[in-house]
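To start, the structure itself, in structure tokens.
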Amino acid sequence: MTATITRLYSDYPTASRAVSALEAAGVSAKDISLVASNADNWYSDPRHARADKLQKSAQPDSLKGAETGAGVGTAVGAAAGLLAGLGLLAIPGVGPVVAAGWLVATAVGAVAGAATGGLIGGLTGAGISEDDAHVYAEGVRRGGSLVTARVPDADKSRLESVLDQQGSIDVRARGQAYRSAGWKTFDEKLPPYTPDQVKQDRGFYRRDMM
């Protein structure tokens with residue numbers, strides 16, 4: 001039997017370390033997914049310009065236009081593992097993300113032919129509670145990064161500890177903080193966060209943890 005474990009991180013660099021830690025702990029790349037907000041355009045950094053160009057030119061016509069939610073980028077990069085396969089796409093309500101892994105096909109919905117689209121549907125379909133799924137989706141909308149893995153039941157506790165050691169966010173506490181500020185549930189009809197909003201949100205929770 002397998003279990004699904006999920007953790008939210010404040011940004012891509014932290015989440016990428018969590019992915020690497022999972023792989024080092026023996027989890028196959030095919031069993032890991034990463035969905036990282038690109039609201040602040042970190043993936044358009046000049047360091048990634050060549051990869052972006054290769055990625056877009058390699059996309060089939062049916063999957064181009066990821067910035068508007070029309071598709072998923074193809075794998076680029078020389079490194080092994082999940083992080084070599086990052087691609088650009090857009091998820092309703094979340095906005096632009098950089099993502100890879102098995103959860104992505106469900107999250108992009110009709111583009112990938114999935115029966116239930118959106119990040120909420122992907123997470124709940126994988127066994128994540130609806131309450132937690134809404135907080136995770138809202139966290140990505142606000143600039144966060146989500147790491148999800150399918151693992152053997154016997155390894156669940158050990159691998160959750162691996163993820164927690166990388167600085168994961170307490171989803172219950174974060175959900176309570178969102179609700180205290182007036183948030184109710186993730187709404188895919190709301191506009192994605194702007195770069196300034198992402199910066200402000202990260203700064204607020206960073207101060208809150210000090």
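Every read-out reported here was derived from the displayed coordinates using simple, explicitly stated rules and does not represent laboratory data. A quick note: this is a predicted structure, and the numbers were derived from the prediction, not measured. Because the Cβ atoms are built from the backbone with ideal geometry, glycine has one as well, and the counts that use them run over all protein chains shown.
Backbone amide hydrogens, once placed in the peptide plane, bring Ile91 within less than 5 Å of Val97, excluding anything fewer than 5 places away on its chain.
By the count of neighbouring beta-carbon atoms within 10 Å, fewest first, Phe204, Phe186 end up ordered Phe204, Phe186. Neighbour counts of C-beta atoms inside 10 Å place Glu188, Glu130, Glu138 in the sequence Glu130, Glu188, Glu138, starting with the fewest.
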